Amino acid sequence: MDSILVKGGGALNGEIPIAGAKNACLTLMPATLLTEEPLTLTNAPRLSDIATMTQLLQSLGSEVAGLQGGKVLAMSSYRIGNHTADYDIVRKMRASILVLGPMLARDGHAVVSLPGGCAIGARPVDLHLKALEAMGADLDLRDGYVHAKAPGGRLKGAVVEFPFVSVGATENALLAATLAKGTTVLKNAAREPEIVDLAQCLRRMGAQIEGEGTATITIQGVDRLGGATHPVVTDRIELGTYMLAPAICGGEVECLGGRMSLVASFAEKLDAAGVSVTETERGLKVARKNGRVKAVDVTTEPFPGFPTDLQAQMMALLCTADGVSVLEEKIFENRFMHAPELIRMGAKIDVHGGHATVTGVEKLRGAPVMATDLRASVSLILAGLAAEGETVVSRVYHLDRGYEHVEEKLGACGAKIERIKG
Ligand code: EPZ
């Protein structure tokens, strides 16, 4: 298993290109199942999660080809040859549940394995299922699988009110509603940029959608969708992660392709901590030139709030801030697993339920640490860049799910970072 060696100390200066969003791409890819015509995604990130979704779609009979080194995904689902998403693939990646809505909407039946829990929380899919039930689906949960049927072969439009915001449930319902008979209204829908991107792609395919980016999305079902070419939106989490690199190490880095609208609440916290963020023609320029950052309190919330997917990385920054910061995690119940690893590097963190109190120290010290999930792994790399001495982050397969070419991107800005093959 590979690990990453980081030698901490120096400031970072340069530019980092930001890739297309993993979490947008993972919801755009299942849209191929809605049409017999080709769907092409440009600006796709090269990540192991994308390879897993490719494998899943191929198992259902779709053709998926990675062109231009994987930056372009050419997909075609002339017919769905197999309507069962197998446990062996679904257990690797929870986003696999997103094939349920499209298969059900196009052919009136689908069987998809239930994903099970994961490292950051229980993460049930009940809201996905309730939304599809409201659209007329008959669901039978047995042998660890959801067996879904649409009576008469077609879902019907419905008013779906989510009891709380779920990104995945909004995506599944949105995908399904495009081909349902009649109008669907999604209330208390997620407003994430990935949802807006999905709606824009579906519209290019001929779907009739209004209100994406607000809490109410209205979809007028159509009889068929066609092909399209769509560029994947910039990855706001990769963007935020690299914005933290100069914030932690000092220096100035321009994140190419970044936009303030993708990370506004996060940039506000950086500003409060004393890190400057400016929008340029090419992206976002981030600089920390004087002294330590200041402590700030952070609460994770659905978009446009502070993203849970940047909480671990933000904690790495606050470990060396001047003062005491409180981080509150409101999306997932077990998302502080990076804290014990940061403590191994000299951080002072007290986790109590959904809160973590971080008392900033002058310096972290390098140590061998272990990645427990995707965002935790990159937070340890960031901490390692700021620490004295060497940090070895093991179990980096988590990292490869969501960050392409980390060593090259940070290395180009002067970071001493290398992958150790193992
Ligand atoms: C998406 O997960 C992202 N994944 C996550 O990114 C991200 O952390 C999360 O949204 C929140 O922003 C993808 O887009 C592939 P949710 P998702 O449904 O859709 C509960 C990363 O690091 N819930 O918005 O699964 C759930 O347990 C990852 O890239 C139910 O109870 O998140 C959680 O507490 C990790 N029932 C909360 O809602 C449901 O049916 C929000 O989850 C669905 C969700």
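The values are calculated or read from the model by the stated rules, or taken from the named source; none is laboratory data. None of these values were measured; they are calculated from a predicted model. Neighbour counts run over all protein chains shown; Cβ positions are idealised from the backbone, glycine included.
One line per residue, one yes/no per condition, for (1) within 14 Å of the ligand (Cβ to nearest atom); (2) buried (at least 19 other Cβ atoms within 10 Å of the Cβ); (3) β-branched (Val, Ile, Thr); (4) under 14 Å from Ala31 (Cα atoms):
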site: Asn188; (1), (2), (3), (4): yes, no, no, no
site: Glu194; (1), (2), (3), (4): yes, yes, no, yes
site: Leu198; (1), (2), (3), (4): yes, yes, no, yes
site: Gly211; (1), (2), (3), (4): no, no, no, no
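Name the residue that is nearest to the ligand (Cβ to nearest atom), counting only residues in the stretch 157-181 that are without any contact (Cβ under 8 Å) to a residue 40 or more places away in the chain and either assigned to a strand (DSSP E or B) or touching a His at 6+ places or on another chain (Cβ under 8 Å) (or both). It would help to see each step written out before you state the result.
Here is the first cut: in the stretch 157-181, the ones without any contact (Cβ under 8 Å) to a residue 40 or more places away in the chain are 158-164, 166.
With either assigned to a strand (DSSP E or B) or touching a His at 6+ places or on another chain (Cβ under 8 Å) (or both) added as a condition, the list becomes 159-161, 166.
Details: Val159: 18, Val160: 12, Glu161: 14, Ser166: 3 Å.
Restricting to residues being without any contact (Cβ under 8 Å) to a residue 40 or more places away in the chain and either assigned to a strand (DSSP E or B) or touching a His at 6+ places or on another chain (Cβ under 8 Å) (or both), the top hit is Ser166.
Quick one: which strands (runs of 3 or more DSSP E) lie wholly within the stretch 182-273 and hold at least 1 residues that are closer than 21 Å to Val167 by Cβ?
Numbers: elements: 183-187, 208-210, 216-220, 228-231, 251-256.
Correct list: 183-187, 208-210, 216-220, 228-231.
Restricting the search to the stretch 97-121, which residues are over 25 Å from Pro151 (Cβ atoms) and either away from the ligand (no atom under 16 Å from the Cβ) or outside any loop (DSSP other than H, G, I, E, B) (or both)?
Hits for the stretch 97-121 are Cys118, Gly121.
Starting from the stretch 12-28, keep only residues that are within 14 Å of Ala199 (Cα to Cα), then list their pairs with residues that are more than 15 Å from the ligand (Cβ to nearest atom) and at pLDDT below 95 whose Cβ atoms are within a distance under 7 Å, requiring at least 6 positions of separation or different chains.
So the pair list comes out empty.
Here is a list: Val392, Val358. Which entry is within 30 Å of Ala21 (Cα to Cα) and either in contact with a Gly (Cβ under 9 Å, 6 or more places away or on another chain) or at pLDDT below 95 (or both)?
Val392
Name the single residue, out of those in the stretch 279-323 being outside any loop (DSSP other than H, G, I, E, B), in contact with a helix residue (DSSP H, G or I) (Cβ under 9 Å, 6 or more places away or on another chain) and of a type in the set (Val, Ile, Thr), that is farthest from Ala371 (Cα to Cα).
Filtering the stretch 279-323 for residues that are outside any loop (DSSP other than H, G, I, E, B), in contact with a helix residue (DSSP H, G or I) (Cβ under 9 Å, 6 or more places away or on another chain) and of a type in the set (Val, Ile, Thr), the one farthest from Ala371 (Cα to Cα) comes out as Val286.
Is it fair to say Phe266 is among the aromatic types (Phe, Trp, Tyr) and in contact with a Gly (Cβ under 8 Å, 6 or more places away or on another chain)?
Judged against the criteria, Phe266 is a match.
Residue by residue through the stretch 140-156, note down the ones that are loosely packed, with under 15 Cβ neighbours inside 10 Å and within 16 Å of the ligand (Cβ to nearest atom).
Hit for the stretch 140-156 is Leu141, nothing else.
Can you name the residue in the stretch 122-135 that is more than 9 Å from the ligand (Cβ to nearest atom) and surrounded by fewer than 20 Cβ atoms within 10 Å (Cβ to Cβ) and is also nearest to Met93 (Cα to Cα) among such residues?
Glu133
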